[in-house]
Amino acid sequence: MNDRAVRSLSHLEDSASTARSLNLLRVYRRRSADPEYLKSPFFRNPTLNRAIILKHRLRRNERELFPDARQTATKVIVPIDGKDLKLGGRSVFVDQINYDGIMESVFGESWFADPHDRDLLKLMDELPSFDPFLLREHLRRHERNPARCYFDISDADMNRMIGFVSREIQKLVDLCYQETGGGGSGGSRLVQKILSNTVDAETEPLRLTLRLEKREYQEGVFCWKGFLYYKWTTAESLADVSRVADAIAVARPRGPVSPETQANLGKVREALKGSILSALETARRTLRSYDAAFESLVGGKPQAFRDFLLNAPAMFCDLGERLGAVNHIVSFWGYRFPQGRLPVVSGEELMDIFADFEASLAFPEAKPAAARAAG
């Protein structure tokens, strides 16, 4: 692994978004005594199972570690001391040059002897983000089932979501607590418990309202939390998506540009904007199906909402991939071109950026924007 320390791990733990990071060290600290944690670990190697794994925007010097033109990579960070993150850590990118040799030197012969952890990291590298609902469903489709405690929303996002979720479910809070009169403080606590997947006596009115058996309740609320998370991320990013899509449509390189590159840029720009907005609108249509199911619950038809939640995981891969791709584009554009300014960038580099965006938007049924433009 790289010898230099990874900076500001303690800051990363406090501020990282759910979609960007999978903090296995945090899970270890909070859940290491839980029977489910012990029975179904994420990684089999205990050191790797306390790592922090990120979706990372590659800096220019880091792109030399890969034979392709990727803009992002999956970064594995092993803290030097799990009790003091200020000491930093050591890192490696999944599939970088000499990746297997580096990992074998750290984790020993088991890296090749038992392919479980190696294959799992490759599955994670396929995803545009680590949002827990997309990640869990993607792994389940490949017959990987780590404990549910690994799929929590980060503390930073939880704190930002509370107000949004409170507004979203106020009608349900009123319904659950109409007999007890606890719609104020009880409702606030209920929001916290939904977001943290807590099951106790205080959530019993919710379970009864949803008409879920106790064994179904945790799964149903996990899926419900998924839709609340996706609605929140969509609402948070909506203005930025429109701004970035407009910026892409008018982006121009600096310096001399070959006629071929100029022609290709002209074809791709507007089509790429359309692909971004189309991906967002498809995701919003799926979220509207959740809204309709929720209204049926508030309207006195809990069975429809219950059935919707229990069938929800099938929607998470498509929904998570689309929103993950859109958020990757918005995040990278803001990182590469801060405050709306276009720095010196060649035509070839701009085409590389657009090609990365196209690849992230190439969903199975969708034809890439450049191909549509060429046609």
*Residue that is more than 19 Å from the chain's Cα centre (by Cα), under 15 Å from Leu120 (Cα atoms) and modelled with pLDDT of 90 or more, where the choices are Leu24, Leu65, Leu48, Leu38*: Leu48
*Restricting attention to the range 28-54, report how many residues are farther than 16 Å from Arg144 by Cβ and part of a helix (DSSP H, G or I).*
7
*From the set of residues in the range 338-350 that are modelled with pLDDT of 85 or more and farther than 16 Å from Arg63 by Cα, which is surrounded by the fewest Cβ atoms within 10 Å (Cβ to Cβ)?*
Ser346
*Selection from the range 204-242 of residues that are in contact with a helix residue (DSSP H, G or I) (Cβ under 8 Å, 6 or more places away or on another chain) and basic (Lys, Arg)*: Arg207, Arg211, Lys214, Lys225, Lys231
*Conditions (1) assigned by TED's automatic domain parsing to the domain that holds Trp111; (2) modelled with pLDDT under 95; (3) in a helix (DSSP H, G or I); number of the one not met by Phe130*: (3)
*On the given criteria, is Glu104 assigned to a helix (DSSP H, G or I), modelled with pLDDT of 90 or more and surrounded by fewer than 19 Cβ atoms within 10 Å (Cβ to Cβ)?*
yes
_Between a residue in the range 286-312 that is closer than 13 Å to Lys171 by Cα and any residue that is part of a helix (DSSP H, G or I), which pairs come within a Cβ distance under 7 Å, given they are 6 or more apart or on different chains?_
Phe294/Phe305; Ser296/Ala304; Ser296/Phe305; Leu297/Leu172; Leu297/Phe305; Val298/Lys171; Val298/Leu172; Val298/Leu175
*State yes or no: is Phe112 at pLDDT 90 or above and either surrounded by 15 or more Cβ atoms within 10 Å (Cβ to Cβ) or under 14 Å from the mean Cα position of the chain (by Cα) (or both)?*
no
_Neighbours by Cβ (under 8 Å, 6+ apart or cross-chain): first from the range 40-57, closer than 17 Å to Pro115 by Cβ and in the same structural domain as Val92 (by TED's automatic domain parsing); second in a loop (DSSP other than H, G, I, E, B) and among the aliphatic types (A, V, I, L, M)_ = Pro41/Ala147; Phe42/Ala147; Phe43/Ala51
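The values are calculated or read from the model by the stated rules, or taken from the named source; none is laboratory data. The structure displayed is predicted, hence computed values, not measured ones. When we count neighbours, we look across all protein chains shown, and the Cβ atoms used for this are built from the backbone with ideal geometry, even at glycine.
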